[in-house]
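The values are calculated or read from the model by the stated rules, or taken from the named source; none is laboratory data. These figures come from a predicted structure and were not determined experimentally. Neighbour counts are summed over all protein chains in view; Cβ atoms, including those assigned to glycine, are modelled from backbone coordinates with ideal geometry. With ligands, DNA and RNA removed, areas are computed over all heavy atoms of the protein, side chains included. Shrake-Rupley method; radii C 1.70, N 1.55, O 1.52, S 1.80 Å.
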Amino acid sequence: TLFRSTLRHLHRSFPRGLSRLVLRESTSLLAANVGEHQAVLDAIERRDPAAARALMQQHVIRAGALVTVRFEERALSA
């Protein structure tokens, strides 16, 4: 399916360590991340592809912004 194909592509192309580097710095960020994943899974289990897609899009945008901010902070302090 298109969803599986998209997930596989993201899985292969997103650098593995980035999220881990940021999330290990904060238990609240990690908890929020897990909650976002759970919300996507819940939507999938309800067979609600529109909600799953919207939640995943929000998650990817938030995660990308978070990683970007952390790297910018590190660059400024270096």
Cβ pairs under 8 Å, 6+ apart, first in the range 25-36 and over 15 Å from H59 (Cα atoms), second of a type outside the set (D, E) and surrounded by 15 or more Cβ atoms within 10 Å (Cβ to Cβ): E25/R70
Just to be sure, is R53 open to solvent by 100 Å² or more (accessible area, probe 1.4 Å), part of a helix (DSSP H, G or I), out of contact with any Asp or Glu (no Cβ under 6 Å at 6 or more places or on another chain) and touching a residue at least 12 places away in the same chain (Cβ under 8 Å)? yes
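Kindly indicate which of R70, R62, R74 is assigned to a helix (DSSP H, G or I), touching a residue at least 40 places away in the same chain (Cβ under 8 Å) and more than 15 Å from F3 (Cα to Cα).
Of the residues listed, the single one that is assigned to a helix (DSSP H, G or I), touching a residue at least 40 places away in the same chain (Cβ under 8 Å) and more than 15 Å from F3 (Cα to Cα) is R70.
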Could you grab me the full set of residues in the range 1-50 that are assigned to a helix (DSSP H, G or I), exposed (fewer than 11 other Cβ atoms within 10 Å of the Cβ) and of a type in the set (V, I, T)? T27
Scan the range 1-9 and tell me whether some residue there is modelled with pLDDT under 80 and touching a Pro at 6+ places or on another chain (Cβ under 9 Å). yes
Search result, residues across the range 35-60 that are in contact with a helix residue (DSSP H, G or I) (Cβ under 9 Å, 6 or more places away or on another chain) and under 30 Å from R74 (Cβ atoms): E36, H37, A39, V40, L55, M56, Q58, H59, V60
